Protein chains: 2
Amino acid sequence: MNTTINDIARLAGVAKSTVSRYLNGGNVSERTKAKIRKVIEETNYEPNSFAQSLKAKKTNFIGVIAPTLDSYVTSTVLMAIDEELRKQDYTTLILSTSKQIDREIESLISLSRQKVDGIILIATGMTEKHIETIQSLHIPVLIVAQEVEQFNCIINDDYQAGFEMGQYVAGKGHQSVAYLGVTKSDIAVGQRRKQGILDGLNQGGANEVKVFQTEFDLQDAARITEELLEHFQPTAIIGATDTIAFGALKTLSRLGKKVPQDISLSGFGGYNISEVIHPALTTIRYNNRETGILAANTIIKMTNEEVVPPLQVSGFSFIEGESVQNLKG
Amino acid sequence: MNTTINDIARLAGVAKSTVSRYLNGGNVSERTKAKIRKVIEETNYEPNSFAQSLKAKKTNFIGVIAPTLDSYVTSTVLMAIDEELRKQDYTTLILSTSKQIDREIESLISLSRQKVDGIILIATGMTEKHIETIQSLHIPVLIVAQEVEQFNCIINDDYQAGFEMGQYVAGKGHQSVAYLGVTKSDIAVGQRRKQGILDGLNQGGANEVKVFQTEFDLQDAARITEELLEHFQPTAIIGATDTIAFGALKTLSRLGKKVPQDISLSGFGGYNISEVIHPALTTIRYNNRETGILAANTIIKMTNEEVVPPLQVSGFSFIEGESVQNLKG
DNA sequence: TATCGAATCGGAACCGGTTCCATTTGTTTG
DNA sequence: CAAACAAATGGAACCGGTTCCGATTCGATA
């Protein structure tokens, strides 16, 4: 079967402690080093990392819990986390919950059983149960994308992003605006971003703003858009995400309404695809790679018991497309 | 610190072998069961899975190597793999290589050190080095998306898909067609799909077909499209992937050419987004979830040393959008 | 009540590493 | 050349589980 450190020791005619020292850079004479090196090369020996972490009480695993893998935002964040962690000799264990909130709890427990050194939770909401579970774990947990008082968090500046978008749309002269938001159990998107948008719109002079609620997916957003247009005729629609905006776009083009001539549209996200869509979508681009890198470095610090700021904010930039019409002059 | 099986045994006043038996369903009397259960509940004990797999020589980890996480296809396949594996009590270890081919080799070795029970490699190409490395591992490896004689593979029916697309486009009366393909080191897309398209076009009567090579990303495809249009005026462009087709679309709309009135366009992939794009892209949708589920079940069989067919093929469907104009009648 | 087999349980070895400690070997210095 | 010290090495314990094996307990039967 697989060669073990005992085999190496036997074949090299030394004690296994000497082999271990050789592998970990202890005091070994050149002569025995050579002997051991030779045997290891001949046998393709690879140390069993389970046995290593059993003694070391450190697995160099970091667990990441993501709501889904097939969204632009999460996968970009995940890629960045993975790359950064690997640079620092950690292995990333990604669990996806398929947006089922109870699977988040389950995943937290499962990861703690795997004895990961730390957990990054890309969250969509945060219940009492989450908080309890995390506190019962004896592992550092970093929350990404939601703000919770009790834990270390990395968030986007959703209020400010929303505010700038609201101000921009209102600044183009849009007075009656529909906002396609999401559940308020999502603090980041459902509460902060929304509040930012409302404040921005208000400050910019929009006086007829209506809020509608949709799921995160394209189909539902398309359906809600259709419904809302039956009793409200805004000059602009703001989607809480780009996907939601695309959903609205789907309905609009089906109804023969042109963007931005007949109605304006904007979103949040900044997917690559947005630039091919005609008209290019006006949106907010979050710096997802930066978020991922920051998350990776933060969780490593946490496992080393260094102090980290409880709340860190990742940046964004405003992308002006052609999807919002200027109603002024 | 963390409670161990020894603590439980001590607190319950039994031997640790009894606790182990309790946990694994051996012969334990009701009375001691109750005692142990009580202690375990009080202490929130979770067995250390490293210690378990050390003895068991089985980790219940399956490693998955993916070229990237931020592509629609890979992330859908990954989600399906992960869900299916979890159902069967396996943990998925996802490594992304950021499209660097040498990191695939590195990842294979790294996963074997983690003693995963099996590896699923979502491949973009297959070199001699890959084959050597895989053979030197003593772990079952399943190749997805590429066909290699030596190993078990799951592929899409790329030739047939290409053929149907070629036939369709030619059938609409397009005689001069540009194909935006990729490197032939990618056997699936770069060779089979291409050959299918060429054969389909040929059989459908297209007589001026030119092949161009691009990277997989949108930007490069946009650039190549611009170049090719300088000395070739096809009535249709076929992209090897939807992303490549979007890249072409970007250039076309920048040059003021309308799809499909001025030029027709099609792709491969079937992303959600394709239906919002106007015009809806004609494309081939692969059944990525099915591929993932099949991959998960196959690798489990392989770890159990069951025989599996060396080559399995996953299906696709033709999606007719509005991006290919009928030049006939 | 003695006997016997099955159920229950504890002790010890094992998985493959790391690390402490004591011993041996080698080198330097007085 | 002996003493003193450092370097090199082997042996044993340990990490936290599982499993084998032998001992004990228990209940049923004769």
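Odds and ends about this structure:
- Copy-to-copy label separations for A:PHE212, where each label sits 7 Å from Cα toward Cβ, in nm and ascending: 4.0
- With a Förster radius of 60 Å applied to the C-beta separation of B:THR4 and B:PHE318, the computed FRET efficiency comes to 0.55.
- Plainly put, the tip 7 Å out from Cα toward Cβ on B:GLU230 is 5.5 nm from that tip on each other copy, the closest given first.
- Using alpha-carbon coordinates, inclination of helix A:101-113 to the longest axis of chain A, degrees: 20
- Across the alpha-carbon set of the protein assembly as shown, the Rg to Rh ratio works out to 1.02, Rh being the Kirkwood radius.
- Note on A:ARG21: accessible area is roughly 100 Å² with a 1.4 Å probe, heavy atoms of protein only.
- Per-residue accessible area (protein heavy atoms, 1.4 Å probe) orders B:LYS87, B:LYS328 as B:LYS87, B:LYS328, starting from the largest.
- Counting only heavy atoms of the protein chains and using a 1.4 Å probe, A:HIS130 has close to 0 Å² of accessible surface.
- Surface accessible to a 1.4 Å probe, B:SER20 within the full protein complex, Å²: 40
- Between the Cα long axis of helix B:194-204 and the first principal axis of chain B there is an angle of about 40°, rounded to the nearest 10.
- Helix B:218-231 vs. chain B, principal-axis angle (Cα, 0 to 90°, nearest 10): 20
- Prolate/oblate/rounded label for the stretch B:5-47 (Cα gyration tensor, a/c 1.5): rounded
- Number of partner chain Cβ atoms within 10 Å, mean per residue of B:47-59: 4
- Cβ-vector label at 7 Å, A:PRO309, separations to other copies in nm: 5.7
- The shape of the stretch B:158-286 comes out rounded: with a ≥ b ≥ c from the C-alpha gyration tensor, a/c is under 1.5.
- Once the convex hull of all Cα atoms in chain B is built, its volume per residue stands at 166 Å³.
The values are calculated or read from the model by the stated rules, or taken from the named source; none is laboratory data. Note that the structure is predicted; figures quoted are calculated from it, not measured. Neighbour counts run over all protein chains shown; Cβ positions are idealised from the backbone, glycine included. Surface accessibility is based on the protein's heavy atoms, side chains included, excluding ligands, DNA and RNA. Shrake-Rupley method; radii C 1.70, N 1.55, O 1.52, S 1.80 Å.
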